[in-house]
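Presented below is the structure to which this report refers.
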Number of protein chains: 2
Amino acid sequence: MNNLAIGLVQHSCTADIDANIQKSIDGIKRAADLGAELVVLQELHRTPYFCQSEEVTNFDLAEEIPGPTTEIFAALAQECRVVVVLSLFERRAAGLYHNTAVVLEKDGSIAGTYRKMHIPDDPGYYEKFYFTPGDLGFQPIDTSLGKLGVLICWDQWFPEAARLMTLAGAEILIYPTAIGFDPNDSREEQQRQMEAWITVQRGHAVANGIPLVAVNRVGFEADPSGRGQGARFWGNSFVAGPQGEMIFHSGEDEGVFCVEVKRDQSEAVRRIWPFLRDRRIDAYQDLIKRFRD
Amino acid sequence: MNNLAIGLVQHSCTADIDANIQKSIDGIKRAADLGAELVVLQELHRTPYFCQSEEVTNFDLAEEIPGPTTEIFAALAQECRVVVVLSLFERRAAGLYHNTAVVLEKDGSIAGTYRKMHIPDDPGYYEKFYFTPGDLGFQPIDTSLGKLGVLICWDQWFPEAARLMTLAGAEILIYPTAIGFDPNDSREEQQRQMEAWITVQRGHAVANGIPLVAVNRVGFEADPSGRGQGARFWGNSFVAGPQGEMIFHSGEDEGVFCVEVKRDQSEAVRRIWPFLRDRRIDAYQDLIKRFRD
């Protein structure tokens, strides 16, 4: 019980939804075979990354939670006896959609959901069109494997999100992600962006004395509208320990991985680096301002 | 005016205060010769790192601000026409001391001060005995070179400090530091700690789209009380750009360095990564709690 074995399923997606789901299913089974107790899927693993353009018909891809996809994976979680982190396009009501993570327990029940709080919007990533910002706050999800600090993609750039999860008792930070290179950028800029993405998340692990797992998709996806350049998702899923040390780092190919983190490491690290003791909560009021001008 | 040339002065210290001051003076002159407009000294550069043990006589090392040391360096700032970041042991009143950074303008005037807000305390770093936590908040210091987000050492582990400086318009984060290896730790643990120290700060640069400079002391200093194992300060002063990219990284030897950062880079980076646009200030209230239990 001292170690937690985490499965990471990193794959490409196409317009063939059934094929995408099958890849996730195969990945979960494979991760379970490797010994994983917790399996994390990438962001929006059921579909292509449809936010490359703004098309109202894409809302047809959304589904209710619980719904057909949670049913499929609930049966699988139960079969494999693993906790699974799904990432779905949630239809909450007509005209009200979220980017939502669902955590399934080993018995197939829904342990909890998290609705992406920080929504990006930049060329090729038109998420503000599709996703209403989350209204469930930063609440870890209680499971048989501990409290999971599930966040999603763009959240990973915000230290506030990681801190609030930590303060609420999260034992690990988990980020399903879909992030890629802009084909128009130089190779140097692409590398700088990918390294920044890894660094800021490792920084959250350090600042909070907590392990962290990020699972990103791979593969090139053209913009179906033909307007954008498409995106090459950079993979590089990784696991960091509570000192931000890299425990595992994948490449840009599809893969299923099982990585162990030591559960008692956080407490040991926080004893030598007691940041939670020394936070100046008397002087942090302005963090809830947009800007201090 | 588009680039900012920053001087970093990294040196060892002994019980010989005059010799320490001379090293800082020589360093500032050398940095100015190299073209630096801003020179950053390491934490408590005037003295040995006296916090290795708790001795009331060490309070004799404190001085008023303005005081003899600010006078020496004010004359030098004026002579060299540079902005200087000092780090001093401030005597504010009998029994009231701070760990304080002073920013000197090119004309020798005091542009502003910052009193270390987060105070560490762990074996060999008994700072809570010496330093009253700062009461000036997280306010950038306005200078002829822009708004400087001056923080000190332990502050560097707290994303809140970096964020508050950024929200108040800081154009660069500056950390005078004194951090070292515990000789009792394995080489592996020492490396993990140093890498965590670099990573968390690079993470602040990324999260805030702002360059960052950290200047750390070097050299072994024995514990004068004979009780502790002493500390080997790890140097590794560095400068990161607004994507967290390493622009400069020193080693563990004494040195004076001049490094240029591009002033317009922050705005360019924040346009592609508009984190300040997307912060969920409606959901951050609990950041001013000690813990969310």
Using the Cα centre of region B:7-156 as the reference point, and only Cβ charges (+1 on K/R, -1 on D/E), how large is the resulting charge dipole? Debye, rounded to the nearest 20. 320
Selection from B:3, A:14, B:67 lying farthest towards where the dipole of the protein assembly as shown points positive, charges on Cβ: B:67
Quick calc: nm separation of the 7 Å Cα→Cβ label points for residue B:26 and residue A:282 -> 4.2
Label spacing, shortest first and in nm, from residue B:55 to its equivalents in the remaining copies (7 angstrom along Cα→Cβ): 7.4
Give the chain B residue with the shortest beta-carbon distance to the rotation axis relating chain B to chain A, plus that distance as a whole number of Å. B:203, 1
Between A:19, A:214, A:205, where does the largest GNM mean-square fluctuation fall for chain A, given springs only between Cα atoms within less than 10 Å? A:19
Between region A:252-293 and region B:53-95, what is the C-alpha centre distance in whole Å? 34
Footprinting exposure proxy for A:186, A:250 (fewest neighbouring C-beta atoms within 10 Å first): A:186, A:250
Tell me, A:60, B:155 in order of fewest to most beta-carbon neighbours within 10 Å? A:60, B:155
List B:195, B:105 from most exposed to least, where exposure is judged by having the fewest other Cβ atoms within 10 Å. B:195, B:105
Taking H placed 1.01 Å from N in the peptide plane, check which residues at least 5 places from residue B:230 or on another chain put their amide H under 5 Å from its amide H. B:223
Decide, for chain A, between rounded, prolate and oblate: order the square roots of the alpha carbon gyration tensor eigenvalues as a ≥ b ≥ c, take rounded if a/c falls under 1.5, and otherwise choose prolate if a/b is larger than b/c, else oblate. rounded
Would you kindly derive the ³J(HN,Hα) couplings of region A:22-34 from the backbone phi angles with the Karplus curve 6.51 cos²θ - 1.76 cosθ + 1.60 (θ = phi - 60°), listing them in order in whole Hz, with x for Gly and Pro? 4, 4, 5, 4, 4, x, 5, 4, 5, 4, 4, 4, 6
For residue A:225, label point 7 Å along C-beta direction: distances to other copies, nm: 6.6
For region A:1-159, what D do you get in µm² per second when you plug the Kirkwood radius from alpha-carbon pairs into Stokes-Einstein at 10 °C and 1.306 mPa s? 100
Between A:239, A:283, A:261, whose Cα lies farthest towards the positive end of the dipole of region A:216-293 when Lys and Arg beta carbons carry +1 and Asp and Glu beta carbons carry -1, centred on the Cα centre? A:283
Along region A:155-168, what does the Karplus equation 6.51 cos²θ - 1.76 cosθ + 1.60 (θ = phi - 60°) give for ³J(HN,Hα), rounded to whole Hz, x for Gly and Pro? 3, 5, 8, 10, x, 4, 5, 5, 5, 5, 5, 4, 5, 8
Measure up B:23/B:147; A:128/A:262; B:23/B:106; A:289/B:147; B:29/B:262 against 31 Å on the Cα-Cα distance and list the ones that go over. A:128/A:262
Suppose you put the label 7 Å out from Cα in the Cβ direction; list, shortest first and in nm with one decimal, how far residue B:293 is from each other copy's label. 4.1
Looking only at B:262, B:116, B:29, which one moves most when chain B is put into a Gaussian network model with springs between Cα atoms under 10 Å? B:262
I want to check the label-to-label distance for residue B:136 and residue A:293. Put each point 7 Å from Cα in the C-beta direction and report it in nm to one decimal. 2.4
Dipole-positive endmost among B:95, B:193, B:173 within region B:3-280 (Cβ charges, Cα centre): B:173
Size of charge dipole - chain B - debye, nearest 20, with Cβ of Lys, Arg +1 and Asp, Glu -1, no other charges: 940
Phi to ³J(HN,Hα) by Karplus 6.51 cos²θ - 1.76 cosθ + 1.60 over region B:120-136, Hz, x for Gly, Pro: x, 6, 8, x, x, 10, 7, 6, 5, 5, 8, 10, 6, x, x, 10, 9
Please report how far the C-alpha centroid of region B:207-235 lies from that of region B:125-156, rounded to the nearest whole angstrom. 16
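Throughout, read-outs are computed from the coordinates displayed, never taken from laboratory work. None of the values given here were measured: they were computed from a predicted structure. Cβ coordinates were reconstructed from backbone atoms using ideal geometry, including for glycine residues, and neighbour counts include every protein chain displayed.
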